[in-house]
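The structure appears right after this line, and notes come after that.
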């Protein structure tokens, strides 16, 4: 019962924090990347690559710890391989694959990264602790495994394939951005430039020809595919369940907040809430920095629409 209360409370307040962040990020820029000062001198700004690795490693750590804890046998021995269904194991592997790239491969291959205000990795670690816990708790549950095992093969494989397409697209478009930094770093060495700031240029190729942030779009596609393959589509809650009072007061476990909103779909919602405001502000930043040189036909994140 205590575990159920914790799980429901985490789902509910995770969504509440994401909703607050959605509106807050329209007024306050998260101080990292293009929105960080060019040469910050404050001790509150930390190394961009190291802080990113630390922040992102929190998610798989929380995830693995929760998986091992919730799948222990009565003899207290971890038995993940013996208690999880094959489909659940694959979804776990997909989650960890994403974070292997996000937390280690991608930042270690990056030629440079702007310093980040310390509040950014702190908020990121909070997000990742909760999300890792929720995703692991759900995937290890009997209900999730029963749902996945009964899901028609066409839908399950379709969701996994969608995850793979989104993951590949995210990696490829991030590589285009890193190539811009590599070229700028190479030119700086050749000219003995003393500039320590990040170099930004207009990216081109693939979905960059249509939107400013295709890497964001691909990540949303990735996690939507993950959700399709692992969880039932949530039913829309009644207005009363999403009222201010129901958000701020935790219902009893028998009347859990939005019970059909499972962590895989909650993660998709959270990504939209926290990433779209930054994409919008970033789109304006590109127009302001490059003026008429920036392609006017590019949308923010969804080709031809948004």
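Values quoted throughout were computed directly from the atomic coordinates according to the rules given, and no laboratory measurement underlies them. Small disclaimer: the values here were computed from a predicted structure and weren't measured. Heads up, the Cβs are rebuilt from the backbone with ideal geometry, glycines too, and the neighbour counts pull from every protein chain shown.
Mind checking the full-extension length gain between residue 305 and residue 112? Use 0.36 nm per residue of separation minus the Cα-Cα distance, one decimal, nm. Intermediate results must be reported in sequence, preceding the final value.
Numbers: separation 193, 0.36 × 193 = 69.48 nm, distance 3.24 nm.
Stretched out fully, the residue 305 to residue 112 stretch lengthens by 66.2 nm.
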Largest to smallest principal axis extent of the C-alpha atoms in segment 255-304, angstrom: 54, 19, 13
Could you check the spin-label model distance between residue 97 and residue 54? Points 7 Å from the Cα along Cα→Cβ, value in nm. 3.0 nm
Note the full-extension length gain between residue 210 and residue 34 as 0.36 nm times their separation in residues minus their Cα-Cα distance, in nm to one decimal. 61.3 nm
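Residue separation times 0.36 nm, minus the C-alpha to C-alpha distance between residue 47 and residue 185: what's the value?
Values: separation 138, 0.36 × 138 = 49.68 nm, distance 1.73 nm.
Difference between extended and current length: 47.9 nm.
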Simple spin-label estimate for residue 236 and residue 290 in nanometres, 7 Å along Cα-Cβ: 3.8 nm
Roughly speaking, what is the centre-to-centre gap between segment 81-112 and segment 278-306 when only Cα atoms are used, to the nearest Å? 31 Å
State the three equivalent ellipsoid semi-axes of segment 106-156, derived from the C-alpha gyration tensor as the square roots of 5 times its eigenvalues, in descending order and whole Å. 35, 17, 7
Relative packing of 203-213, 224-234, which averages over residues the other C-beta atoms within 10 Å, highest first: 224-234, 203-213
